[in-house]
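Student: Have a look at this one before I ask anything.
Just so you know, all these numbers are worked out from the coordinates, no wet-lab data involved. What you see is a predicted model, and the numbers here were worked out from it, not measured in a lab. Note that each Cβ is placed from the backbone with ideal geometry, even for glycine, and that neighbours are counted across all protein chains shown.
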Amino acid sequence: MGTWGPGPFDNDAAADLFDQLQAGPSRVVAKALREIAKAPAGNYIDVDTGGAAWAACELVALAFGHGDSAAADDAILDSAGRLPPNEEQRRLALEVLSRIADPATSEVAALWHQGTEGQRFDASLAHLRTRLEAASDGPRELPKAKTGDVIGLPAAPESPEIVIVQVVGAGEIAVFEGTHRGDSPALEAVKTRPARRVPAPVNKLLRRGRVLGNLPVRKELKGKKLYAGETGAITEYILATANAGGVRVVSYDEARDCDLLRPYDEDAIRAVALGTSAIQRVRSPGEREAELAARNATKWAARREATTPGPFGDVENVERLVKWMEDYRVENAVQRFHDEAVGAMGYGRPNEEPERRSFAFAGIVALWCKTWSQDFWPAALNGRLPAAPNKKLMDHALSAARTLAGQVITRDSELRMIWEGGPDRGAGLHAAVASLQKALSQSSR
């Protein structure tokens with residue numbers, strides 16, 4: 001398993017189950033429980049089936065208001081909030097727990113009992129069973145944070161002092177300066193102390209801390225605040241509210257002065273209160289590129305050794321493209337690359353392999369136009385140049401090729417970064433692009 005942790009949601013099967021909940025939580029949970037409950041007694045339960053069922057049992061407990069606050073984050077609570085309490089599912093969950101607890105027939109239990117954590121696993125299931133049994137009295141309402149709620153969090157383990165935050169909106173809090181002893185001084189501080197708004201999982205904080213009261217949010221802490229985030233493309237950023245609403249793509253100049261859209265956990269909140277946390281901002285395109293170059297220095301050096309900078313410089317990539325065009329027809333290839341050029345489809349940049357593929361397609365179009373030397377075509381693929389399409393499709397191909405050739409040297413191109421990091425600082429790549437662009441511009445087809 002790729003993910004393996006101590007809680008019911010800390011495994012790959014639980015993550016898969018959670019992804020499916022959007023389609024209908026009640027149906028998904030029922031299926032996970034019945035897959036075990038309907039199997040004959042003694043049937044072996046594999047780790048994926050058992051892991052999903054464990055998570056489903058915890059979701060049933062959450063639906064009844066008896067969930068484990070340490071196990072559930074806000075996203076899980078939101079899903080559980082759409083799961084109506086169901087007595088049949090509660091009874092099924094109790095039956096399923098007994099089945100997945102037995103190491104002789106449950107792979108999940110067997111894996112836990114291989115090491116020293118078997119008792120911890122048994123205790124976790126026993127705690128879940130106790131909560132499901134307590135739910136026989138009926139559901140209880142889960143606490144939810146409200147705007148204005150003032151929450152106290154321990155300033156440090158075993159400390160009598162607290163740091164205070166106030167809910168100012170969906171997914172957003174104000175963190176007040178300093179630490180406090182007692183509820184009354186803390187509530188008074190909300191009225192006067194400096195505060196900083198940050199994104200945070202408010203319902204999780206509610207469960208971790210203690211609500212001291214509810215006060216009006218100060219005027220300067222109200223209103224819409226936008227946070228910035230980085231996208232895959234080096235020159236693109238997003239602006240959004242703390243709960244990721246109203247997302248729009250912007251330039252670095254617009255994003256640079258906004259706080260970073262990153263939820264603050266308890267440690268980060270304490271650092272803000274104590275004045276030890278600097279305001280985080282998005283990185284500039286130059287900083288992002290430098291980080292990529294440092295992280296990929298060895299890989300990019302190997303690519304420069306194995307390839308050349310021209311459109312057909314990675315022969316294996318070109319061969320895969322040619323085979324794809326042979327298998328799925330040139331007409332489909334032209335439409336696909338035209339859609340990419342006009343932005344109707346694409347891929348996450350920077351990404352060398354698809355960039356190479358688009359660059360190679362532009363080179364093939366130049367050969368179709370006969371404005372570029374056939375000597376550029378790889379000798380290993382001699383005789384396998386795909387046949388040119390008809391006049392109408394050729395116009396689409398040429399338009400796409402002109403756009404795609406230029407994208408190779410844009411800021412978010414990994415191919416550009418690979419070669420500009422080499423001894424010639426990208427001169428070979430820029431020369432290849434210029435030659436190809438000239439050939440494409442000379443064609444009137």
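Student: Amide H to amide H under 5 Å from Ser106: which residues, 5+ apart in sequence or cross-chain, H placed 1.01 Å off N in plane?
Tutor: Close amide H contacts, sequence-distant or interchain: Ile45.
Student: Once the dipole of the chain is set up with Lys and Arg at +1 and Asp and Glu at -1 on Cβ about the Cα centre, which of Gly67, Gly7, Ala200 lies farthest towards its positive end?
Tutor: Toward the positive end, the furthest listed residue is Ala200.
Student: How tilted is helix 315-328 with respect to the longest principal axis of the chain? Cα atoms for both, answer in degrees (0 to 90, nearest 10).
Tutor: Roughly 90 degrees between the two axes.
Student: If you take the square roots of the eigenvalues of the alpha-carbon gyration tensor of the range 101-191 and sort them as a ≥ b ≥ c, do you get rounded (a/c under 1.5), prolate (a/b over b/c) or oblate? Display every interim value, and only then the final one.
Tutor: Numbers: a/c = 3.21, a/b = 2.14, b/c = 1.51.
Prolate shape, in that a/c is at least 1.5 and a/b is the bigger ratio.
Student: Let me ask another. Using a 10 angstrom Cβ neighbour count of at most 14 plus a DSSP loop assignment to flag exposed chymotrypsin sites (Phe, Trp or Tyr not before Pro), which longest range of the chain is free of such sites?
Tutor: Working: sites that count: Tyr44, Tyr347.
Answer - 45-346.
Student: Okay, moving on. Residue by residue through the range 255-266, what is 3J(HN,Hα) from phi via Karplus (6.51 cos²θ - 1.76 cosθ + 1.60, θ = phi - 60°)? Round to whole Hz and write x for glycine and proline.
Tutor: Each residue's phi maps through the Karplus curve to give 8, 5, 9, 9, 4, 6, 7, 8, x, 8, 8, 4 Hz.
Student: Under the Kirkwood approximation applied to all pairs of distinct alpha-carbon atoms, what is the hydrodynamic radius of the chain in Å? Intermediate values should be presented prior to the final figure.
Tutor: Working: mean 1/r = 0.0376 Å⁻¹.
Roughly 26.6 Å, rounded to one decimal.
Student: How much length is gained on full extension from Leu292 to Asp16, taking 0.36 nm per residue of separation minus their Cα-Cα distance?
Tutor: On the way: separation 276, 0.36 × 276 = 99.36 nm, distance 3.04 nm.
Extra length available between Leu292 and Asp16 comes to 96.3 nm.
Student: Now for a separate question. Kindly write out, for the range 407-424 in residue order, the coupling ³J(HN,Hα) from the Karplus curve 6.51 cos²θ - 1.76 cosθ + 1.60 (θ = phi - 60°), rounded to whole Hz, with x marking Gly and Pro.
Tutor: With coefficients 6.51, -1.76 and 1.60, one gets 5, 5, 10, 7, 4, 9, 8, 5, 4, 4, 5, 4, 7, 6, x, x, x, 8 Hz.
Student: Would you kindly derive the ³J(HN,Hα) couplings of the range 170-178 from the backbone phi angles with the Karplus curve 6.51 cos²θ - 1.76 cosθ + 1.60 (θ = phi - 60°), listing them in order in whole Hz, with x for Gly and Pro?
Tutor: Karplus values, whole Hz, x for Gly and Pro: 5, x, 9, 10, 10, 9, 9, 5, x.
Student: Taking the Cα centre of the range 149-274 as the origin, how large is its charge dipole in debye, to the nearest 20, when only Lys and Arg (+1) and Asp and Glu (-1) carry charge on their Cβ atoms? Walk me through the intermediate numbers first.
Tutor: Numbers: 18 positive and 17 negative charges, 87 e Å.
Dipole of the range 149-274, to the nearest 20 debye: 420 debye.
Student: If you don't mind, another one. For the range 122-162, run through the GluC sites (Glu not before Pro) and keep only the ones in DSSP coil with at most 12 other Cβ atoms within 10 Å of their Cβ.
Tutor: Values: sites: Glu133, Glu141, Glu158, Glu161; in loops: Glu141, Glu158, Glu161.
Counting only loop positions with at most 12 other Cβ atoms within 10 Å, the GluC sites (Glu not before Pro) in the range 122-162 are Glu141, Glu158.
Student: Hey, another quick one. Which residue, chosen from Tyr328, Leu274, Pro25, occupies the Cα position most advanced towards the positive end of the dipole of the chain, where the dipole is computed from +1 (Lys, Arg) and -1 (Asp, Glu) charges on Cβ about the Cα centre?
Tutor: Farthest along the dipole direction, towards plus: Tyr328.
Student: What distance in nm separates the two pseudo spin-label positions at Leu393 and Ala170, each 7 Å out from Cα along the beta-carbon direction?
Tutor: Spacing of the two 7 Å Cα→Cβ label points: 4.6 nm.
Student: Which one, Leu132, Ala156, Leu415, projects farthest toward the positive side of the charge dipole computed for the chain from Cβ point charges (K/R +1, D/E -1)?
Tutor: Of the options given, the answer is Leu415.
Student: Still on this structure, I have one more. Give Lys191/Lys222; Lys38/Lys144; Lys38/Lys204; Lys144/Lys191; Lys204/Lys225; Lys323/Lys391 a once-over and call out the pairs whose C-alpha atoms are over 25 Å from each other.
Tutor: On the way: Lys191/Lys222 14 Å; Lys38/Lys144 36 Å; Lys38/Lys204 35 Å; Lys144/Lys191 23 Å; Lys204/Lys225 21 Å; Lys323/Lys391 23 Å.
Over 25 Å apart, Cα to Cα: Lys38/Lys144; Lys38/Lys204.
Student: Let me ask something additional. Along the Cα→Cβ direction, 7 angstrom out, place labels at Ala379 and Leu215. What is the inter-label distance in nm?
Tutor: Between Ala379 and Leu215, the simple spin-label model gives 8.0 nm.
Student: Can you list which of the trypsin sites (Lys or Arg not before Pro) found in the range 338-418 are DSSP loop residues with at most 15 other C-beta atoms within 10 Å? Walk me through the numbers on the way to the answer.
Tutor: Values: sites: Arg356, Arg357, Lys370, Arg384, Lys391, Lys392, Arg402, Arg411, Arg416; in loops: Lys370, Arg384, Arg411.
In loop regions of the range 338-418 (DSSP not H, G, I, E or B), the sparsely surrounded trypsin sites (Lys or Arg not before Pro) are Lys370, Arg384.
Student: DSSP loop (so not H, G, I, E, B), at most 16 other Cβ within 10 Å: list which trypsin sites (Lys or Arg not before Pro) in the range 129-236 pass both filters. Before the final figure, lay out the partial values.
Tutor: On the way: sites: Arg129, Arg131, Arg140, Lys144, Lys146, Arg181, Lys191, Arg196, Arg197, Lys204, Arg207, Arg208, Arg210, Arg218, Lys219, Lys222, Lys224, Lys225; in loops: Arg140, Lys144, Lys146, Arg181, Arg218, Lys222, Lys224, Lys225.
Sparse-neighbourhood loop trypsin sites (Lys or Arg not before Pro): Arg140, Lys144, Lys146, Arg181, Arg218, Lys222, Lys224, Lys225.
Student: Please work out the FRET efficiency for the pair Thr192 and Lys144, using the Cβ-Cβ distance as r and a Förster radius of 45 Å; give the result to the nearest 0.05.
Tutor: Values: r = 28 Å, r/R0 = 0.61.
In this case the efficiency is close to 0.95.
Student: Can I ask one more? Using a simple charge model, +1 on the beta-carbon of Lys and Arg, -1 on the beta-carbon of Asp and Glu, nothing else, what dipole does the chain show about its Cα centre, in debye to the nearest 20? Don't jump to the answer; show the numbers that get you there.
Tutor: Working: 56 positive and 60 negative charges, 292 e Å.
It comes to approximately 1400 debye.
Student: Between Glu133 and Arg181, how high is the FRET efficiency from 1/(1 + (r/R0)^6) when r is the Cβ-Cβ distance and R₀ = 41 Å? Nearest 0.05. Don't jump to the answer; show the numbers that get you there.
Tutor: Values: r = 39 Å, r/R0 = 0.96.
Approximately 0.55, to the nearest 0.05.
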